[in-house]
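Everything below concerns the one structure shown next.
What follows draws every value from the coordinates through simple rules; no lab data is involved. Computed from a prediction, not measured in an experiment: that's the story for all the values here. So basically every Cβ, Gly included, is an ideal-geometry build from the backbone, and we count neighbours across all protein chains shown.
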Amino acid sequence: MQFQFFKVSPKSYGGDLNKGKRKGRRPLDPKKPLHVVMRSTKAIKRLSLLRHHHVIEKILRKSAQRFHICIYNWANSGNHLHLLIRGKTRTEIQNFLRTVPALVAIAVTGAKKGNPFKGRFWNQLVYSRMLTSWQREFKSVLRYIELNTRETLGLVAKRVRDTQALNSG
């Protein structure tokens, strides 16, 4: 069961939600935070995002600095990444959302010129949802990302996590 953040909304873009539909402009507002999810079913065993945690952290830190992005929190769940970010301009947010998935995929797969990765690493376009409330929604997504991290570390069982997330939202 996915949590309530993954509803079809005029404020969301990418992922499974818009599959097969006409692609429009990604809703972005530099004044509002953005919940971002990157998912890959190929990220298992040696391609697991958890095995490359330090490299991914370095990519996020450098890209955030380069594109003036504030990362409030992020979680690595092995096969997907959650980010809670905000940027200064639409262009910088777009550049961050274009660059980070590419750099992570290259780092994880070891793809390079002359030795490409077969197929696509990420399942769909990066999912993003613009948050409307700095109070309720922002705090709810922060809690969700923290619970995701605890689940990955084995500190919280999945059923408990879903119940906690629903009760706190």
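Tabulated data
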read-out	value
Full-extension gain in nm, Arg90 to Lys58, via 0.36 nm per residue minus C-alpha separation	9.2 nm
Cα→Cβ-extended label distance, 7 Å offset, between Leu142 and Asp29, nm	1.9
Hull volume in cubic angstrom per residue (convex hull over the Cα atoms of segment 64-143)	112
Full-extension gain in nm, Leu155 to Ser133, via 0.36 nm per residue minus C-alpha separation	5.0 nm
Given charges at beta-carbon only (K, R positive; D, E negative), |dipole| of segment 64-123 in Debye	200
Karplus-derived HN-Hα couplings along segment 46-63 (A = 6.51, B = -1.76, C = 1.60, θ = phi - 60°), whole Hz, x at Gly and Pro	6, 9, 4, 5, 5, 5, 10, 3, 5, 5, 5, 4, 5, 4, 4, 4, 5, 5
